[in-house]
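Asks: Quick one: this structure, given as structure tokens, is what I'll be asking you about.
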Ligand code: UDP
């Protein structure tokens with residue numbers, strides 16, 4: 001297990017985004033939870049939404065007076081292969097969990113648990129399935145509250161995987177899902193289920209306001225023609241994110257808008273061994289079309305520039321736990337077209353902050369509609385940013401956690 005260092009952040013810098021009541025409530029619960037020790041545990045400090053959130057949440061909770069450590073577990077290729085299949089199958093992919101894979105998963109959890117001997121936390125938040133079995137190999141004190149935070153869409157899981165995982169998570173004091181519909185059926189014995197939507201940090205390098213000139217300057221360096229329309233999808237190269245469907249939608253829209261460009265931007269998370277294979281598949285599909293720009297492992301500034309200066313952002317996922325990229329895009333005032341699935345539905349109000357689409361055809365159609373209606377894009381831009389300000393900023397997410405900690409500490413039940 002490794003401690004992750006984060007940059008210092010101050011809540012005071014966020015007050016301009018918040019309602020007075022939210023600030024009061026944050027301070028109220030922070031006072032009650034002051035000095036409480038919290039461990040956040042996940043698989044990786046880089047790549048993907050969980051790492052993204054923890055880089056902001058951890059220092060802000062520290063600023064509020066809690067003592068928060070962020071730990072990543074130790075893993076190797078074979079462990080990540082297994083946990084990637086957990087991720088896919090818990091989102092519904094077919095397959096049977098093999099005994100060998102169970103052993104690999106448990107061996108690494110057992111190995112990581114050997115680092116926990118001197119642990120002394122009030123709250124331990126375990127993110128996603130990778131470290132979920134740590135508790136199996138750890139003797140927890142009664143006062144310690146363990147919380148499992150599920151970031152994926154487990155509404156229709158492959159039961160062979162879910163049943164295996166369930167035996168561990170039902171021993172937790174509480175669990176958090178993004179939406180009610182993500183709790184698989186027959187999970188009545190899960191104690192203290194809470195629902196918390198993820199969030200973005202409006203002041204992170206990726207989300208703080210960038211001037212359009214600067215954004216366009218960066219795009220030029222990425223070999224994008226800023227005079228031509230641009231649609232962009234930013235996400236891991238993963239079948240659930242449907243980059244191949246995005247290329248199909250782009251090609252269809254390009255029949256109407258011939259100078260259309262598409263940027264597909266993805267990072268290779270350390271816990272995602274399938275990524276390279278799917279990147280190559282995407283590159284093959286893009287072929288010789290030089291208006292498709294595939295950009296890999298680029299920095300936050302470039303992502304911010306793409307989210308700011310693209311005409312439309314896509315998140316055409318086929319399954320999506322939440323989709324931070326949607327909130328990030330809306331926050332920058334760029335309309336987002338998203339797959340009509342999971343957490344994307346929480347963020348896109350169809351026709352108001354963007355469009356929800358069910359097919360390649362629908363996606364292409366909405367790309368054309370928006371590009372041909374600048375006034376509509378402007379309206380969506382304002383509505384999207386306001387939606388995120390009200391519902392999906394990191395401060396709301398922290399408040400939800402503090403409420404949960406408080407309720408668990410006081411009554412053993414979440415609010
Ligand atoms: N991301 C990034 N660079 C990339 C691709 C993705 O910084 O090339 C970030 C993206 O901005 C977002 C996170 O990775 O903050 C992806 O989170 P999301 O919830 O959309 O998807 P996940 O990868 O967790 O399924």
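Each reported figure results from applying straightforward, stated rules to the coordinates on display, with no laboratory input. Predicted model only: the values in this text are computed from it and were never measured. All Cβ positions, even for glycine, are placed from backbone atoms using ideal geometry, and neighbour counts span all protein chains on display.
Asks: Would you mind calculating the gained length between residue 195 and residue 99 on full extension (0.36 nm times residue separation, minus the Cα-Cα distance), in nm to one decimal? Before the final figure, lay out each step's value.
Replies: On the way: separation 96, 0.36 × 96 = 34.56 nm, distance 3.22 nm.
Taking residue 195 through residue 99 to full extension adds about 31.3 nm, to one decimal.
Asks: Quickly work out the residue 114-to-residue 216 label distance, labels modelled 7 Å from Cα along the C-beta direction, and quote it in nm with one decimal.
Replies: 5.9 nm
Asks: Separate question: What distance in nm separates the simple spin-label points at residue 283 and residue 209, each placed 7 Å from Cα in the Cβ direction?
Replies: 3.9 nm
Asks: Residues in the stretch 339-377 near a label at residue 389, defined as backbone nitrogen under 16 Å from the 7 Å Cα→Cβ point?
Replies: 353
Asks: Can you give me the distance in nm between label points at residue 300 and residue 37, each placed 7 Å from the Cα along the Cα-to-Cβ direction?
Replies: 2.9 nm
Asks: In percent, what relative contact order does the stretch 256-415 have, based on Cα pairs under 8 Å that are 6 or more apart in sequence?
Replies: Values: 198 pairs, mean separation 26.1, N = 160.
16 percent.
Asks: Cβ neighbours within 10 Å, averaged per peptide: list 206-213, 125-132, 65-72, 108-115 in order, most packed at the top. Let's see the in-between values first.
Replies: Values: 206-213: 14.9, 125-132: 25.4, 65-72: 19.6, 108-115: 17.8.
Output ranking for 206-213, 125-132, 65-72, 108-115: 125-132, 65-72, 108-115, 206-213.
Asks: With n ≥ 4 as the cut-off for DSSP H runs, can you work out [θ] at 222 nm for the chain, using -39500 (n - 2.57) per run divided by the number of residues, rounded to the nearest 500?
Replies: Details: 14 runs with 174 residues, N = 415.
Calculated from helices alone, the mean residue ellipticity at 222 nm is -13000 deg cm²/dmol.
Asks: Using only the alpha carbons of the chain, what is the convex hull's orientation-averaged projected area in square nanometres? Walk me through the intermediate numbers first.
Replies: Numbers: hull surface 76.3 nm².
Over all viewing directions, the chain projects a mean Cα-hull area of 19.1 nm².
Asks: Turning to a different aspect of this structure: When DSSP assigns beta bridges and you keep just the ones with both residues in the chain, what percent turn out antiparallel, to the nearest 5?
Replies: Working: 2 of 45 bridges.
Within the chain, antiparallel bridges account for around 5 percent of the total.
Asks: Please rank 250, 182, 28, fewest neighbouring Cβ atoms within 10 Å first, as an exposure proxy. Intermediate results must be reported in sequence, preceding the final value.
Replies: Working: 250 26, 182 22, 28 13.
If I rank by nearby Cβ atoms, fewest first, I get 28, 182, 250.
Asks: What shape does the stretch 299-415 have by the C-alpha gyration tensor, where a ≥ b ≥ c are the square roots of the eigenvalues, rounded means a/c under 1.5, and otherwise prolate means a/b greater than b/c and oblate the rest?
Replies: Details: a/c = 2.43, a/b = 1.96, b/c = 1.24.
It is prolate, given that a/c is not under 1.5 and a/b is the larger ratio.
Asks: How would the stretch 1-149 be classified by its alpha-carbon gyration tensor: rounded, prolate or oblate, with rounded meaning a/c under 1.5 and the a/b versus b/c comparison settling the rest? Let's see the in-between values first.
Replies: Values: a/c = 2.37, a/b = 1.74, b/c = 1.37.
Prolate.
Asks: Report, to the nearest 10°, how far helix 49-63 tilts away from the longest principal axis of the Cα atoms in the chain, using its own Cα long axis and a range of 0 to 90°.
Replies: For 49-63 against the chain, the angle is about 60 degrees.
Asks: Which residue fluctuates the most in the chain, going by a Gaussian network model with Cα springs under 10 Å, if the choices are 177, 164, 405?
Replies: Evaluated over the chain, the most mobile residue of the options is 164.
Asks: Classify the stretch 35-102: rounded, prolate or oblate, from the alpha-carbon gyration tensor (a ≥ b ≥ c, eigenvalue square roots; a/c under 1.5 rounded; otherwise prolate if a/b is larger than b/c)? Spell out each step's value before the answer.
Replies: On the way: a/c = 2.91, a/b = 2.50, b/c = 1.16.
Because a/c hits 1.5 or more and a/b exceeds b/c, the stretch 35-102 counts as prolate.
Asks: I'd like the distance separating the alpha-carbon centroids of the stretch 375-413 and the stretch 184-211, in whole Å.
Replies: Spelled out, the Cα-based centre of one part sits 8 Å from the other.
Asks: On a 0 to 90 degree scale, rounded to 10, what angle separates helix 275-286 from the longest Cα axis of the chain?
Replies: Computed tilt is about 10 degrees.
Asks: Would you mind checking the tilt of helix 77-90 against the longest principal axis of the Cα atoms of the chain, expressed as 0 to 90 degrees and rounded to 10?
Replies: Computed tilt is about 80 degrees.
Asks: Between residue 255 and residue 186, what length comes free when the chain is fully extended (0.36 nm per residue of separation minus the Cα-Cα distance, one decimal in nm)?
Replies: Details: separation 69, 0.36 × 69 = 24.84 nm, distance 4.79 nm.
Additional length available on full extension: 20.0 nm.
Asks: Enumerate the whole-percent occupancy of each 5 Å bin, from 0 to the last occupied one, for all C-alpha pair distances of the stretch 113-221.
Replies: 2, 10, 18, 18, 12, 10, 8, 7, 5, 6, 2, 0
Asks: Could you tell me the extents of the stretch 97-172's C-alpha atoms along the three principal axes, largest first, rounded to whole Å?
Replies: Result, largest extent first: 35, 26, 17 Å.
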